[in-house]
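Trainee: Quick one: this structure, given as structure tokens, is what I'll be asking you about.
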Amino acid sequence: EAGVTQFPSHSVIEKGQTVTLRCDPISGHDNLYWYRRVMGKEIKFLLHFVKESKQDESGMPNNRFLAERTGGTYSTLKVQPAELEDSGVYFCASSQGPQGPVSGNTIYFGEGSWLTVV
Amino acid sequence: QKEVEQNSGPLSVPEGAIASLNCTYSDRGSQSFFWYRQYSGKSPELIMSIYSNGDKEDGRFTAQLNKASQYVSLLIRDSQPSDSATYLCAVKRGNAGNMLTFGGGTRLMVKP
């Protein structure tokens, strides 16, 4: 079974440009999450989709970030315009349901998309 | 104060020894606790979850939770060089959907 796949794995863009990151969750996983880790900081939650609906977007830093999940399959995260402080690793993750003691579901992470803004 | 705190390390242990990784959290509403292992450049991988006070064992791994002290730990017995990685502690509030709050991670080095 394929895991969570992310594209591109690495991206270097200039400040002010636009970048779109793509995530393909594990097949059948309705829950999709975006997290990011900026240099020297911990991994932080950005948002959570259930199918095509945004369940929680409380971690989105500002309106330069736009996440979509049309059709409830793959998701994109667009940064426009990119700023230097956006550099970091953007992780996508997916799960069948809530990760917890009752469900037994596990959140699986992708390897991340490394973004460098210069 | 960070919500989830871990010593960044590196924690160096000899092969065969017990590695002890610690994590404290500030939110008393946290109800679910997870340990992820991340090899350099790879995805975080869930290795242990714990939801109630006490110990939970799985193979060479033991997770320990003390909610009163807001403390969770991971013990790795018979450490192997292949255990060398960054270990991330993550917590989740009971009613906060699926949002995980991560610590900064502890880098473990197991020396042959």
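Trainee: Return yes when A:Gly71 is more than 11 Å from chain B (Cβ to nearest Cβ), exposed (fewer than 14 other Cβ atoms within 10 Å of the Cβ) and not in a strand (DSSP E or B) and no when it is not.
Mentor: Details: more than 11 Å from chain B (Cβ to nearest Cβ): yes; exposed (fewer than 14 other Cβ atoms within 10 Å of the Cβ): yes; not in a strand (DSSP E or B): yes.
The answer is yes for A:Gly71.
Trainee: Does segment A:36-44 contain at least one residue that is surrounded by 17 or more Cβ atoms within 10 Å (Cβ to Cβ), closer than 24 Å to B:Gly103 by Cα and among the acidic types (Asp, Glu)?
Mentor: Within segment A:36-44, one or more residues are surrounded by 17 or more Cβ atoms within 10 Å (Cβ to Cβ), closer than 24 Å to B:Gly103 by Cα and among the acidic types (Asp, Glu).
Trainee: Read through the list (1) part of a strand (DSSP E or B); (2) buried (at least 19 other Cβ atoms within 10 Å of the Cβ); (3) of a type in the set (S, T, N, Q), then give the number of the only condition that A:Gln55 fails.
Mentor: Every condition holds for A:Gln55 apart from (2).
Trainee: Quickly run through segment A:67-115 and pick out the residues that are closer than 26 Å to A:Lys15 by Cβ and out of contact with any Ser or Thr (no Cβ under 8 Å at 6 or more places or on another chain). Give the steps one after another, and end with the answer.
Mentor: Taking segment A:67-115 first, the residues closer than 26 Å to A:Lys15 by Cβ are A:67-68, A:75-92, A:110-115.
Result: A:Ser75, A:Glu83, A:Leu84, A:Glu85, A:Asp86, A:Gly88.
Trainee: Report whether or not B:Phe61 is within 9 Å of another protein chain (Cβ to nearest Cβ) and hydrophobic (A, V, I, L, M, F, W, C). Outline the logic, then answer.
Mentor: On the way: within 9 Å of another protein chain (Cβ to nearest Cβ): no; hydrophobic (A, V, I, L, M, F, W, C): yes.
Against the criterion (within 9 Å of another protein chain (Cβ to nearest Cβ) and hydrophobic (A, V, I, L, M, F, W, C)), B:Phe61 does not qualify.
Trainee: Another question, if that's okay. Kindly indicate which of A:Ser94, A:Ser75, A:Ser103, A:Ser27 is under 14 Å from the mean Cα position of the chain (by Cα) and either at pLDDT below 95 or among the β-branched types (Val, Ile, Thr) (or both). Show your work before the answer.
Mentor: On the way: A:Ser75 fails: either at pLDDT below 95 or among the β-branched types (Val, Ile, Thr) (or both); A:Ser103 fails: under 14 Å from the mean Cα position of the chain (by Cα); A:Ser27 fails: under 14 Å from the mean Cα position of the chain (by Cα).
Being under 14 Å from the mean Cα position of the chain (by Cα) and either at pLDDT below 95 or among the β-branched types (Val, Ile, Thr) (or both) holds for just one of A:Ser94, A:Ser75, A:Ser103, A:Ser27, which is A:Ser94.
Trainee: Among the residues of segment A:74-104, how many are touching a residue at least 12 places away in the same chain (Cβ under 8 Å), in contact with a Gly (Cβ under 7 Å, 6 or more places away or on another chain), in a loop (DSSP other than H, G, I, E, B) and within 14 Å of another protein chain (Cβ to nearest Cβ)?
Mentor: 1
Trainee: State the number of residues belonging to segment B:25-60 that are surrounded by fewer than 18 Cβ atoms within 10 Å (Cβ to Cβ), part of a strand (DSSP E or B) and touching a residue at least 24 places away in the same chain (Cβ under 8 Å).
Mentor: Selection size over segment B:25-60: 1.
The values are calculated or read from the model by the stated rules, or taken from the named source; none is laboratory data. None of the values given here were measured: they were computed from a predicted structure. Positions of Cβ are generated from backbone atoms using ideal geometry, with glycine treated the same way; all protein chains shown enter the neighbour counts.
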